[in-house]
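Just so it is clear, none of the values below were taken in a lab; they were calculated from the coordinates. These figures come from a predicted structure and were not determined experimentally. All Cβ positions, glycine included, derive from the backbone under ideal geometry; neighbour counts span all protein chains shown.
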Amino acid sequence: MDESTNNTPQSDSKMGLIIGAVVLVVVAAGAYYYWSNQMAKPVGTQTGTTSTQPAAMEADEEEAENQLEMAANPIVESAGTQSATAMVEEGAQSVTVEGGNFYFKPNEIRVKAGIPVKLTFNNTQGFHDFVIEELDAKTKQITAGNTEVLEFTPKKKGSYEFYCSVGQHRQMGMKGNLIVE
């Protein structure tokens, strides 16, 4: 029997069907594997983290820190404004402000006139500072992960804009209001 007779159009179509079925099974298996791995990840897992601590523990610690910070620095959110009233501790008003690309949190702070203010500025992203020009209050420009403490005493009631003086950050929305009551 001649081997050339085995390559009929019928055997070519069977071979195409078999190859198509194998490709379909491989694609389906890959999709199932990807989907099952995505569903198995715990909430809060971030890809590319280098921490040796499990993500669930990091999330619990972060939540505990957030609750402590909120207790010490109450923030009220409404319509995009996050407001904090400084807590009076040891004769000074204390407030913590977080700065990132391109925001302050809270972006509204309430303090009392005539009482010293101890403002802690935590930079979480980028390169920023905290400036209240009218009160001659300014931190150094710092990189992410660093903190600066600013102490000043507002004498006059009113509203004072604070902002980041780096580049165009102020124009990009990195500003807020200090309200002296």
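Tabulated data
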quantity	calculated
Number of the exception - Gly167 against (1) on the phi > 0 side of the Ramachandran plot; (2) in contact with a helix residue (DSSP H, G or I) (Cβ under 8 Å, 6 or more places away or on another chain)	(2)
Scope region 99-154; condition surrounded by 14 or more Cβ atoms within 10 Å (Cβ to Cβ), in a loop (DSSP other than H, G, I, E, B), in contact (Cβ under 8 Å) with a residue 60 or more places away in the chain and touching a strand residue (DSSP E or B) at 6+ places or on another chain (Cβ under 8 Å); matching residues	Pro106, Asn107, Lys112
Region 129-164, residues that are in contact with a helix residue (DSSP H, G or I) (Cβ under 8 Å, 6 or more places away or on another chain) and among the charged types (D, E, K, R)	Glu161
Residue count, region 135-153 (criterion: in contact with a Pro (Cβ under 9 Å, 6 or more places away or on another chain) and not aliphatic (A, V, I, L, M))	3
Of residues in region 155-181 being small (Gly, Ala, Ser) and in contact (Cβ under 8 Å) with a residue 60 or more places away in the chain, the one surrounded by the fewest Cβ atoms within 10 Å (Cβ to Cβ)	Gly173
